Amino acid sequence: MPQYAYKAKSGPSEIRSGTIQADNRETVVKRLKADGLFPVSIVEVAAKKEKKTALKKAGSQDVSAFTRQLANLIRSGFNLSAALGTLVAQTQNQRLAAIIREMQEKIQKGAEFSSALNAYPAVFSSFYVNMVKIGETTGRMDETLERLADFKEKETELISQVRSALTYPAFLFAVGIITIFVLTAFFIPRLVEMFADLEQALPLPTIIIMNVSGFMNKFWWLVLIMLAVVIALLRSYYLIERNRARVDAFFLHVPWVRDIILKMEISRFTYALAVLLRSGVPILEALGVVTLSVDNRYLRQRISTFREQIRKGNSLSSCMKAERIFPAILANMAAVGEESGELNDMLFRIASTFEADVNRTVKTIVSLIEPVLILCIGAIVVLLVFAILLPIFQLDFFAQ
């Protein structure tokens, strides 16, 4: 995401400056005005390259553990610099330990914690940085970090559950593709050589398999290179922000995939919003931060409109109801929470409900995918074997 350096007036003679990560300049202007600032200049700056130790993203569990330990140390009376110095020695992940040491040095030179975190976007997300900014503003850093640790642990648990459920189907698919590739590129061409001296016409399936195997035997390396190029091009296309929004919108129209993505994002969004509201953050400010916790860029764009609608007097439930992509139960549960004055608790219930739905949906899909994959791979292997054995059956028939 692009980074913009800004200068803005907060009073007749007071000028503030800083950096903001946003999709475009218009978003920066809206955020500044929402914070009561009048923009003077906004300039896009090139993102600073992180040091080699920070280029590889630290694991989510490492970041969660760091956040939890930092919250405990600050609550125990450590100042921020001393707490970071203690964690340098305790952190087993060497890359993360090096990042913590660098952040400690910046804080000792007078930098804010959020600013130090913002230098490592590959490790600390925009949502993480903005949560810390709220802690700095409210003066309740320990409580904010505890809430943030709760969110990170919940997010990590949800993603790991989905990944573990999909691991076996992915393994089956990979093994099947490798098996078919090895058969067509190396094994079948040797068997086909026995048909070269036959003076009878070969069956069409055998001819097709012979041609495919011959090509794979000679140019298997070219197939692998083309596959690698296609993957690289698709990855570079997806890294562009506007293209990512299109791809994310496409996946939200794919059956089964839509259910998993939508329920995961709703669980993440509602839990993060509940955490901020429980911390006493106003809903307008909370929505500005929570939007960054949504990974799907299309959903992020839709949720980003809630803030303006609520500022105009609409309720959160009405905003959800207006977006047809969200299930009706989400808006209904939010409406009940608003009417009862327990929106915060209801959001936690929504998060738990959709998290459970994600697990059930994944298990159902996996139970269907596994036999389908086995049948498809088995059918392809059987067809390959049949195409090779068919000429032998014909020879045996004519001999009789």
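The values are calculated or read from the model by the stated rules, or taken from the named source; none is laboratory data. Quantities reported herein were computed from a predicted structural model and do not represent experimental measurements. Neighbour counts run over all protein chains shown; Cβ positions are idealised from the backbone, glycine included.
Among the listed residues GLU355, GLU370, GLU342, identify the single one that is over 30 Å from VAL212 (Cβ atoms) and surrounded by fewer than 16 Cβ atoms within 10 Å (Cβ to Cβ).
The unique qualifying residue is GLU342.
Somewhere in the range 182-199, is a residue surrounded by 14 or more Cβ atoms within 10 Å (Cβ to Cβ), modelled with pLDDT of 80 or more, closer than 30 Å to ILE365 by Cβ and not charged (D, E, K, R)?
The answer is yes; a qualifying residue exists.
For SER340, state whether it is without any contact (Cβ under 8 Å) to a residue 60 or more places away in the chain, under 27 Å from ASP150 (Cβ atoms) and in contact with an Asp or Glu (Cβ under 7 Å, 6 or more places away or on another chain).
no
Among the residues of the range 264-274, is there at least one that is closer than 17 Å to SER315 by Cα, in contact (Cβ under 8 Å) with a residue 12 or more places away in the chain and touching a Lys or Arg at 6+ places or on another chain (Cβ under 8 Å)?
No; the residues of the range 264-274 include none that is closer than 17 Å to SER315 by Cα, in contact (Cβ under 8 Å) with a residue 12 or more places away in the chain and touching a Lys or Arg at 6+ places or on another chain (Cβ under 8 Å).
Can you name every one of the helices (runs of 4 or more DSSP H) wholly within the range 228-333 that holds 3 or more residues which are exposed (fewer than 14 other Cβ atoms within 10 Å of the Cβ) and in the same structural domain as ILE350 (by TED's automatic domain parsing)?
Correct list: 241-251.
Limited to the range 75-124, what total is found for residues that are in contact with an Asp or Glu (Cβ under 7 Å, 6 or more places away or on another chain) and either surrounded by fewer than 16 Cβ atoms within 10 Å (Cβ to Cβ) or not assigned by TED's automatic domain parsing to the domain that holds VAL63 (or both)?
3
Quick check on the range 277-286. Is at least one of its residues in contact with a Lys or Arg (Cβ under 8 Å, 6 or more places away or on another chain) and farther than 17 Å from GLU146 by Cα?
yes
Note down all Cβ pairs under 9 Å where the first residue falls in the range 94-105 and is under 21 Å from ASN79 (Cβ atoms), the second is at pLDDT 90 or above and among the hydroxyl-bearing types (Ser, Thr, Tyr), and they're at least six residues apart or on different chains.
Listed by first residue and then by second, the contacts come to nothing, as the list is empty.
Just the residues that are at pLDDT below 65 and either under 22 Å from ARG297 (Cβ atoms) or outside any helix (DSSP H, G or I) (or both), please, taken from the range 24-55.
Listed by number, the residues that qualify are ALA46, ALA47, LYS48, LYS49, GLU50, LYS51.
Matching residues to (1) touching a Cys at 6+ places or on another chain (Cβ under 6 Å); (2) within 19 Å of VAL290 (Cα to Cα); (3) among the aromatic types (Phe, Trp, Tyr):
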{"residue": "GLU136", "(1), (2), (3)": "no, yes, no"}
{"residue": "ARG147", "(1), (2), (3)": "no, yes, no"}
{"residue": "LYS154", "(1), (2), (3)": "no, yes, no"}
{"residue": "ILE159", "(1), (2), (3)": "no, yes, no"}
{"residue": "PHE171", "(1), (2), (3)": "no, no, yes"}
{"residue": "ILE177", "(1), (2), (3)": "no, no, no"}
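Please go through (1) more than 30 Å from PHE181 (Cβ to Cβ); (2) in contact (Cβ under 8 Å) with a residue 24 or more places away in the chain; (3) surrounded by 14 or more Cβ atoms within 10 Å (Cβ to Cβ) for ILE388 and return the number of the only condition it doesn't satisfy.
(1)
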